[in-house]
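Just so you know, all these numbers are worked out from the coordinates, no wet-lab data involved. These numbers were taken from a predicted model, which means no experiment stands behind them. For neighbour counting, all protein chains shown are included, and Cβ atoms are generated from backbone atoms with ideal geometry for every residue, glycine included.
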Ligand code: ATP
Ligand code: MG
Ligand code: MG
Ligand code: MG
């Protein structure tokens, strides 16, 4: 490609809403443009990278024996009603009506659709096991779309679904997928870790997440210093024995020591399994109009969304338990996204004197989304919650979160906490969807048998951003070889001044192309410094500068993107040098 035919869309300005490096660089390098919150256009350069992620994913999925399909993004509500997820999925599900007033949604994931396909297509055990996959656009009306394509509302996912007669077969395919994911992320050239995970809203028992390691990652993951144990922090917390960690002293400066509660006690009292308990927090406050008595302190327990417990549509968190009053504080429906509450008498859901109200997305950023209620409930209709949230004087301490140095749940060594970006997630779903939707085959004995399932996702568009988080410097992006939009940038010096130089540049360009190398020839009439900074910004791994000076000696000036200095390379060796 030549920049005259493949114009670069680099810009100097960093968008005001870009908080992390990848978001800034994707805009500056001209990979994406924002259309609306969490909705992006991929420009030609960005699309080349996205397609590479897709292609590697596709090749490895095909190698694993999975069959590619393409399912609709637009999905009828009936299927979601069959599994109960129409009610349970919450406001992240982008719902709509057709002209006949029938309910539809834009798929955030495809378990219902593939299970519907399977119950029609799969008739006999002889057709099992089978794995279908697609690379397709997903829609999730994220409460806080942010970080560009990292957490967007429309994004590309590779999702795969496997069908089995029994657990042994499911486990086999799960292992194959685990290996396939390992191969895929290795080919991307990214540093990643697979960790045990909770299966959350998707359901099922066994689950692993694949995290690209990066300090800017939204997730915390825990590794043992002395074993293979690796889990996301939520999982590390739920499977370990109750920490029984005392809350920090200063949280209780105003009052007597609160009664300690272990996770076991909490789970017993609430009759929920420990896995359902996402966080326990100690809340205290200095007292204000909303929070009343400054002596109060409270334990809050944030429960993982289990929609059998109640019908709250908010993500993950369904409620809190207040140990000060020994009451379960339920959250309620119908409030706008962003907070749970207020809990007023009118809703008859809040018998106790006080609670703080926390939504799951805010766990890492509690101060953004904490609201409170006092004895009478609060009656602040019209209040701008984002602006007027009564945060002052509230302290939160998570007494459950595992921290560096905690004992590893497997008893071997201690935990090290790192940050990660979730780029892949695999689940053993078991019968969750196939039972609800009656997907069965005739087994060897001639009887109908419900099949079981696994599902396997990769955040294709998120991988692009994650790669940049891992590979960048102050000058721009540093792509791993496999994801780079081009391998080589040719920057001719004053090309238009000499035919001899022009011919040489053309020859080198053609030689590289003939060797199957993706080259971007910068044929713009711009200063060398301008070319260099563009090529560095967009992160091309190899830069070749060709000038009059090298023509006589038959050499070019070569510099690798991550390297500090350039070197001369003989023109005739260039292809081999780069290959
Ligand atoms: P997260 O915890 O980041 O919200 P998730 O657990 O909800 O992700 P999954 O349902 O496991 O996501 O979907 C599979 C993959 O899709 C994720 O591992 C992630 O890489 C990607 N993904 C999920 N949500 C988004 C999003 N809003 N934008 C971009 N990629 C996403
Ligand atoms: Mg999510
Ligand atoms: Mg997740
Ligand atoms: Mg996930």
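Here the gap between residue 403 and residue 575, fully extended at 0.36 nm per residue and compared with their Cα-Cα distance, gives a gain of 56.9 nm. Please label the shape of segment 75-142 as rounded, prolate or oblate, based on the square roots a ≥ b ≥ c of the eigenvalues of the alpha-carbon gyration tensor (a/c under 1.5 means rounded; beyond that, a/b larger than b/c means prolate, else oblate). Prolate, since a/c reaches 1.5 and a/b exceeds b/c. Students often get this wrong: which residues of segment 17-32 have the backbone nitrogen under 19 Å from the point 7 angstrom along Cα-to-C-beta of residue 533? Within reach of a label on residue 533, which here means backbone N under 19 Å from a point 7 Å along Cα→Cβ, segment 17-32 contributes 24-31. In this rough spin-label picture, where each label sits 7 Å from Cα along the Cβ direction, the residue 566-residue 225 distance is 4.8 nm. Stretched out straight at 0.36 nm per residue, the stretch from residue 510 to residue 62 would grow longer than its current Cα-Cα span by 158.0 nm. Given R₀ = 25 Å, FRET efficiency for residue 548-residue 1 by Cβ-Cβ distance, to 0.05? Working from the Cβ atoms, E equals 0.55. All C-alpha pair distances within segment 492-556, sorted into 10 Å bins from zero, spread as 20, 54, 26, 0 percent across the bins.
Here the residues 140, 500, 524, ranked from fewest to most Cβ neighbours within 10 Å of their Cβ, fall in the order 500, 524, 140. For 85, 102, the sequence from fewest to most other C-beta atoms within 10 Å is 102, 85. Remark: 506, 111, 536 ranked as 506, 536, 111, counting other beta-carbon atoms within 10 Å and listing the fewest first.
Label-to-label distance, residue 19 versus residue 525, with points set 7 angstrom from Cα along the beta-carbon direction: 4.6 nm.
Under the criterion of Cα pairs below 8 Å and six or more residues apart, the relative contact order for segment 1-48 equals 30 percent. Treating r as the C-beta distance of residue 475 and residue 442 and R0 as 60 Å, the FRET efficiency rounds to 0.45. Suppose R0 equals 51 Å. What FRET efficiency, 1/(1 + (r/R0)^6) with r the Cβ-Cβ distance, do residue 503 and residue 126 give to the nearest 0.05? Once the sixth-power term is evaluated, E becomes 0.20.
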